[in-house]
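Peer 1: Take this structure, written in structure tokens, and hold onto it; I'll ask about it next.
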């Protein structure tokens, strides 16, 4: 862009072979098709869901054992919802054509 501006200001034009090489003549796109699911990510999601389940059990036990001024769902529901959102985003991205 700046070289074209300088050429315009100075009035000098580049040789034809240089002017032609400045343009993109062909673009090739390699399309591998549908993205494959990654087993490591799926295993990681499973471990995360198991940790979420363990946390739910612990929070329910703690709220029933000790007097706390809130319901256990104030802690458990956002955790479950975030896990569901992350899992849904992963599986919906894996299904995109």
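Peer 1: Which condition breaks for residue 54 when tested against (1) over 19 Å from the mean Cα position of the chain (by Cα); (2) modelled with pLDDT under 95; (3) farther than 30 Å from residue 8 by Cβ?
Peer 2: Unmet for residue 54, out of (1) over 19 Å from the mean Cα position of the chain (by Cα); (2) modelled with pLDDT under 95; (3) farther than 30 Å from residue 8 by Cβ: (2).
Peer 1: Same structure, new question: Condition test on residue 67, is it farther than 30 Å from residue 87 by Cα and at pLDDT below 85?
Peer 2: Values: farther than 30 Å from residue 87 by Cα: yes; at pLDDT below 85: no.
No: the conditions fail for residue 67.
The values are calculated or read from the model by the stated rules, or taken from the named source; none is laboratory data. Keep in mind the model is a prediction, meaning the values are calculated, not measured. Counting neighbours? That spans all protein chains shown, and the Cβs are built from the backbone with ideal geometry, glycine included.
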